[in-house]
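Here the structure comes first, spelled out in structure tokens, and everything after it is commentary.
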Amino acid sequence: MGRRTVFAPAAVLALLLAAPFAGAVGVTVPPYTRTVLPNGTVLVVMPRREVPLIAFTALVRGGAVADPAGKAGAAALTAGLLEKGAGSRSAFEFADTVEGAGGSFSAAAGTEAISVSGQFLAKDQALMVELLADALLRPRFEAAEFEGLRARHIEELKAAKDSDPSALIRLYGRQFLFGNHPYGSPAGGSERSLAAVTRDDVLAYYRANFGGDRLTLIFAGDVDVQALAGAVQRAFSNWQPAGAAIPVLAPPPAATGRRVLLVDQPGAAQSYFWIGNRGVARKYADRAALDVVNTLYGGRYTSILNTELRIKSGLSYGASSGFTRGTVPGEFAIRSFTKTDTTGKAIDLALATLQQLHGSGVGADALASARAYVLGQFPLQLETAGNWAAALAELELYGLDRAYIDGYGAAVAAVTPATAARVIATAFPRADDLVIVVIGDAVKIRDAVAKYGPVTETTLAAPDFKAPGAP
């Protein structure tokens, strides 16, 4: 068994609660241990004694990228069933045990990993490990629970189409942008793909993608370190490797030129739009400058986007931008909505802001304001044991070292107009190279969106997120 101990200054809490600028520059990772068990399972433990709680995150590498072809959502269903009965406990008994201990326990499938997270009182440390081991090593996958969960996922998608299509527009956008690349497949599945997933598919997914070599366990909080290490080794050290290798992701291609997906929602009073292209990966070197520039462009209330689309013009109640950064580049996307009859004006204005960003860059005063804002927000993301468990999980999943956190504040403080210009040039797409997705009344907005590029149409009622003819 290999062991490596990582040390950091002790007065982290005081730094986190200090003045935003100075505190953010000084945030460092508290002491933690990282142990690799003989079967490849990684155990990370960060003692935090402020409150008698233990937070955990368990990562099983693979996630939705390992879904079988045509069966997007298999990973999501597998994850959801982990808490629907495990070991000697039925679904009700499992949930009742968690609730009775005052704990929390949830599982979800992301694009590149399935995660299980929650927290328990420190006195229930042994129970926490028992439940986690049962869920990961001994899930029941009962047929009735599978059928009920699959039906619920499908109904939730249908309900979103009826009540809040904006919750789905990113799924249309990623599919239209990335096509048959794994990033284009919805992690939660579609109505069509979920209907195709069987319980046997879930069992096959589990056998192929769950095993000791895929597992990382992170605990942060008021832990009994020696007892925890012993319990984890007893519970997990004999877990055999997963049956298949982790899928290797190739970088997706960027879009060139413009093209439009129009998703028809007959009678809609407003249009939702998503404008995007390939962005950058998690290990993008200028990450601090990226955060600062995106804060200025679309990451806060006073951003360029929100100022133009909401504050000045009144075309929208909100507009934002952001990057999704995975092992390989995900998307940069702009999101907003507007009344049906102002769809073209709002999209025009959003495109104009992106063109302005590339043409004029950002000024020194604006840059200083955004630096202060980012530095002020950063410590707030690392206040609790749960925050730290999630942060360490991010480092483990993407192969990042502690400098990703330790050096972040100083890197933000050092962002200059030159680094901002480099980020704009390398990370933000140009206004002429974009995919545009609009959900709205096609009869009323078809002509307005046709000027942006070739238009492909589908309907919100369709049981998936693919453009007609897409693979």
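None of the figures in this text is laboratory data; all of them are computed from the coordinates on show. Quantities reported herein were computed from a predicted structural model and do not represent experimental measurements. Note that we place each Cβ from the backbone using ideal geometry, even for glycine, and neighbour counts take in every protein chain shown.
Numbers for the structure displayed
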item: Convex hull volume of the stretch 31-236 per residue (C-alpha atoms, cubic angstrom); result: 138
item: Cα centre as origin, Lys/Arg/Asp/Glu Cβ charges: the stretch 326-426 dipole, Debye; result: 300
item: Lys, Arg +1 and Asp, Glu -1 on Cβ, resulting dipole of the chain about Cα centre, debye, nearest 20; result: 920
item: Ratio of Rg to Rh over the chain (Cα coordinates, Kirkwood Rh, two decimals); result: 0.98
item: Nearest-0.05 FRET efficiency for residue 126 and residue 167, computed from C-beta distance (R0 41 Å); result: 0.55
item: On Cα atoms only, tilt of 225-236 relative to the major axis of the chain in degrees; result: 80
item: Exceeding the 18 Å Cα-Cα cut-off - candidates 345/451; 283/466; 71/466; 345/444; 158/444; 312/444; result: 283/466; 158/444; 312/444
item: Charge dipole of the stretch 275-416 about the Cα centre (unit charges at C-beta), most positive-ward option of 363, 276, 398; result: 276
item: Degrees between helix 143-163 axis and first principal axis of the chain (Cα, 0 to 90, nearest 10); result: 30
item: Computed magnitude of the charge dipole of the stretch 258-459 (debye, nearest 20; Cβ of K, R +1, Cβ of D, E -1); result: 280
item: Over the chain: helical MRE at 222 nm, DSSP H runs n ≥ 4 each giving -39500 (n - 2.57), nearest 500; result: -12000 deg cm²/dmol
item: Lys/Arg +1, Asp/Glu -1 at C-beta; the stretch 395-471 dipole; positive extreme among 423, 450, 434; result: 450
item: The stretch 375-471: trypsin sites (Lys or Arg not before Pro) in DSSP coil with no more than 16 other Cβ atoms inside 10 Å; result: 402, 430, 451
item: Contour minus Cα-Cα distance for residue 151 and residue 39 (0.36 nm per residue); result: 36.7 nm
item: Quotient of Cα Rg and 2.2 N^0.38 Å for the stretch 258-459, N being how many residues it contains; result: 1.10
item: Prolate/oblate/rounded call for the stretch 425-471, Cα gyration tensor, a/c under 1.5 rounded; result: oblate
item: Semi-axes of the equivalent ellipsoid for the stretch 171-212, Cα gyration tensor, largest first, Å; result: 23, 14, 7
item: Using alpha-carbon coordinates, inclination of helix 343-360 to the longest axis of the chain, degrees; result: 80
item: Positive minus negative residues near residue 267 (Lys, Arg vs Asp, Glu; Cβ under 11 Å); result: -1
item: Per DSSP, loop GluC sites (Glu not before Pro) in the stretch 139-186 with at most 16 further Cβ within 10 Å; result: 142
item: Computed FRET value (nearest 0.05) for residue 355 with residue 301, which takes r as the C-beta separation and R₀ as 25 Å; result: 0.65
item: For q = 0.19, 0.32 Å⁻¹, Debye-computed log10 I/I(0) when each Cα of the stretch 123-174 counts as one equal scatterer; result: -0.77, -1.11
